[in-house]
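A short worksheet on the structure shown next.
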Amino acid sequence: MRPLIGIPCCMKAFGAFAMPNHAVSDHYIKVVMGPVGGTPILVPAAGDAVVQDILPRLDGLLLTGSRSNVAPGLYAGPPHLEGTPEDPARDSTTLPLIRAALEAGLPLFAICRGFQELNVALGGTLDQRVQDLPGRLDHSTPVDQVLPRVRTGKAHNVRVLEGGMLARVWQGLDWSPEGVPVNSLHNQAVSRAAPRLVPEAWAPDGTIEGGRVEGARGFALGVQWHPEYDWAEDALSRRLFEAFGTAATRWALERVGNAASAAALAAE
């Protein structure tokens, strides 16, 4: 059974008239249909009005990366520098969707901007331009990002918490807690982790690169890097999506079973 995986859209301008479109990168569609083993369901950036209607029909929630940054007013941060891309339509959809998904126990996997959204939704804060902070690495997208190897190439290692959720997901694979190589394509990053966000991975400069949600009823994990770019070649990236897919499939089977039971009771 293929689980239905919700992917919240970004709002982007397309065409000669810059018409607003609801959009998701093809990388996320392919990864859901690939190692996740699911069917992608695009969630429009239409605000919290869609949350209660669509959430009961999903088996998992995949929060994607994006060029846009989470609006600073959502975490009491200073205004963005002029020209910083924002997406208020996405913010107004993903934050209530995250909270509702966690409340329901729906499996959730967050990537890059999605990881930042997860932290903000739970009450954490963000650093807006990590590369401008003293003693920090430049985590931002390289200028020559049009080259595929720049997106998939490993920019630095992350240290991973032994015994944590990431370590359990990667159990049996060849890796070291002291140095998992990852790519790096972001400006913002988690500053103060939310009370329920438990950091489990750190860059050499201390930037939080991954974490789980404390007390979550289901799979709830986020990473700051982009495993969707190299899952076909990288076993660690692929395992992240496989683990998410396993949790979503289990949820789907339970959802369908509950629906069948309800239908049988109604027919009596």
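Only residues that are under 21 Å from the mean Cα position of the chain (by Cα) and either modelled with pLDDT under 90 or among the hydroxyl-bearing types (Ser, Thr, Tyr) (or both) were counted in the stretch 149-175, giving 7. Going by the structure shown, is Ala110 among the small types (Gly, Ala, Ser), under 17 Å from the mean Cα position of the chain (by Cα), at pLDDT 95 or above and under 22 Å from Lys12 (Cβ atoms)? In short, yes.
Would you be able to tell me the number of residues in the stretch 53-92 that are of a type outside the set (D, E, K, R), over 17 Å from Val190 (Cα atoms) and in contact with a helix residue (DSSP H, G or I) (Cβ under 7 Å, 6 or more places away or on another chain)? The number of residues fulfilling the criteria is 5. If you take the residues of the stretch 166-203 that are of a type in the set (Gly, Ala, Ser) and touching a strand residue (DSSP E or B) at 6+ places or on another chain (Cβ under 8 Å), which of them is nearest to Leu102 (Cα to Cα)? Among those that are of a type in the set (Gly, Ala, Ser) and touching a strand residue (DSSP E or B) at 6+ places or on another chain (Cβ under 8 Å), it is Ala193.
Closer than 20 Å to Val158 by Cβ, surrounded by 21 or more Cβ atoms within 10 Å (Cβ to Cβ), among the hydrophobic types (A, V, I, L, M, F, W, C) and at pLDDT 85 or above: is that true of Trp231 in this structure? For Trp231, the condition - closer than 20 Å to Val158 by Cβ, surrounded by 21 or more Cβ atoms within 10 Å (Cβ to Cβ), among the hydrophobic types (A, V, I, L, M, F, W, C) and at pLDDT 85 or above - is met.
Out of Leu122, Leu108, one residue alone is open to solvent by 30 Å² or more (accessible area, probe 1.4 Å) and touching a strand residue (DSSP E or B) at 6+ places or on another chain (Cβ under 6 Å). It is Leu122. If I go through the stretch 216-232 residue by residue, how many of them are part of a loop (DSSP other than H, G, I, E, B) and among the acidic types (Asp, Glu)? Summing the residues that are part of a loop (DSSP other than H, G, I, E, B) and among the acidic types (Asp, Glu) in the stretch 216-232 gives 1. Looking only at residues in the stretch 125-140 that are in a loop (DSSP other than H, G, I, E, B) and surrounded by 16 or more Cβ atoms within 10 Å (Cβ to Cβ), the one that is modelled with the highest pLDDT is Thr125.
Residue by residue through the stretch 38-55, note down the ones that are in contact (Cβ under 8 Å) with a residue 40 or more places away in the chain, more than 17 Å from the chain's Cα centre (by Cα) and open to solvent by 20 Å² or more (accessible area, probe 1.4 Å). The answer is Ala46, Asp48, Val50, Gln52, Ile54.
Kindly establish whether Ala89 is open to solvent by 10 Å² or more (accessible area, probe 1.4 Å) and free of Cβ contacts under 8 Å to residues at least 60 places away in the same chain. Spelling it out, it is not the case that Ala89 is open to solvent by 10 Å² or more (accessible area, probe 1.4 Å) and free of Cβ contacts under 8 Å to residues at least 60 places away in the same chain.
Only strands (runs of 3 or more DSSP E) whose full extent lies in the stretch 176-215 are considered here, and the ones with at least 1 residues that are among the small types (Gly, Ala, Ser) and either open to solvent by less than 20 Å² (accessible area, probe 1.4 Å) or at pLDDT 95 or above (or both) are 197-202, 208-213. Here is the figure for the stretch 56-65: residues that are among the charged types (D, E, K, R) and either out of contact with any strand residue (DSSP E or B) (no Cβ under 9 Å at 6 or more places or on another chain) or open to solvent by 60 Å² or more (accessible area, probe 1.4 Å) (or both) total 1.
The values are calculated or read from the model by the stated rules, or taken from the named source; none is laboratory data. Small disclaimer: the values here were computed from a predicted structure and weren't measured. FYI the Cβ positions are ideal-geometry reconstructions off the backbone, even for glycines, and counts take in every protein chain you see. These accessible areas exclude ligands, DNA and RNA; they are computed on the full protein's heavy atoms, side chains included. Shrake-Rupley method; radii C 1.70, N 1.55, O 1.52, S 1.80 Å.
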